[in-house]
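A quick write-up on the structure given underneath.
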Amino acid sequence: MIRKIVLFFIGLLIVALMLGAIAGAGAIYDAARNIKIETYFFQPNNLSFQRVGVPATVADLGPDNLRQRLVEKYISEYFYVIPDIANVEARMQSDSPLARTSTSDVFSQWQELEGNRIMELAQQGAFRTVRLVDKIYKPKDSDFWTVEYEMKTWYRPNDMAEEPVITRDVLYMGLADQYMMDFRKNLDVTRSLEEGYDPAAIFRFGVTAIGRQQD
């Protein structure tokens, strides 16, 4: 008799657990039907200049900051490598961002020298990043800006253990930037940006000469 009573209560407990499981599943199901997506911006730094805000205007940046950013973009276009031959071929074209911000002589020099090296590296599956080491500067009584940069190159694709080869060098650049704070003439800026053209190419900025220490 006692055994039957115990089994009876165990049966009631099992039924209660099953009902609880069904209720929980139902609650989860209902919650899934009412999913809400909340967007958040993560603040990477307590300093105000690191927070997301209204994009700075050209006037806010000023000529020195704008020149620094345009040269940094140019150096990246000049040296970066990804393992994609189509990417290099596009950069070789006369309407590429590098071509738009270079004189014909500078761009031809890049095609023949650095462009061909980049093509070889891309075919081998290499990857390279570029950054400026410090602020660019123009020595007194000089027509050229001194640009120090650093490259990190990974030569072996899919090798997570490979350490990049780090090289530093200096370029001397002639810049046509006297009208840099203006946009290029006869250019529909809004349309160009909407069509995916490089933003750096809309400024009246260009590289007229490039040299190295050994040149």
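Just so it is clear, none of the values below were taken in a lab; they were calculated from the coordinates. Every value quoted in this text rests on a predicted model; they were computed, and no experiment measured them. Quick reminder, even Gly has a Cβ in these numbers, built from the backbone with ideal geometry, and neighbours come from all protein chains shown.
Using the structure shown, select from LYS73/LYS138; LYS152/LYS185; LYS73/LYS152 the pairs with a Cα to Cα distance greater than 26 angstrom.
Flagged as over cut-off: LYS152/LYS185.
Return the Cα extents of the stretch 56-215 along principal axes one, two and three, sorted largest first, each rounded to a whole Å.
Ordered largest first, the stretch 56-215 gives principal extents of 45, 40, 31 Å.
How about LYS135: which aspartates and glutamates have a C-alpha closer than 19 Å to its C-alpha, ignoring those fewer than 8 places off in the same chain?
Within the straight-line limit of under 19 Å, LYS135 reaches these aspartates and glutamates: ASP60, ASP64, GLU72, GLU77, ASP143, GLU148, GLU150, ASP169, ASP177.
For GLY206, what is the net charge nearby, where nearby means another residue's Cβ is under 9 Å from its Cβ and Lys, Arg count +1, Asp, Glu -1?
Taking every other residue near GLY206 into account, the sum is +1.
Would you please give the residues with an amide H less than 5 Å from that of LEU175, counting only those at least 5 places away or on a separate chain, with H modeled from the backbone geometry?
When sequence neighbours closer than 5 places are left aside, the close amide H contacts are TRP145, THR208.
Going highest first, how would you order 158-165, 200-207 by mean Cβ packing within 10 Å?
Taking the mean over residues of other Cβ atoms within 10 Å, the ranking is 200-207, 158-165.
Using the basic label-point model (7 angstrom from Cα toward the beta carbon), what is the GLN178 to ILE2 distance in nanometres?
In this crude label model, GLN178 to ILE2 measures out at 10.9 nm.
In terms of modelled amide H atoms, which long-range or inter-chain residues lie less than 5 Å from the amide H of ILE136?
The list, which skips near neighbours in sequence, is empty: none.
With θ set to phi - 60° and the Karplus curve 6.51 cos²θ - 1.76 cosθ + 1.60, what are the ³J(HN,Hα) couplings of the stretch 125-139 in order, to the nearest whole Hz, using x for Gly and Pro?
Whole-Hz 3J(HN,Hα) from phi for the stretch 125-139: x, 7, 9, 9, 10, 9, 8, 7, 7, 8, 5, 6, 8, 10, x.
Residue separation times 0.36 nm, minus the C-alpha to C-alpha distance between THR190 and THR129: what's the value?
Length difference between fully extended and current span is 19.0 nm.
From Cα pairs below 8 angstrom and at least 6 apart in sequence, can you work out the relative contact order of the stretch 54-156, rounded to a whole percent?
28 percent
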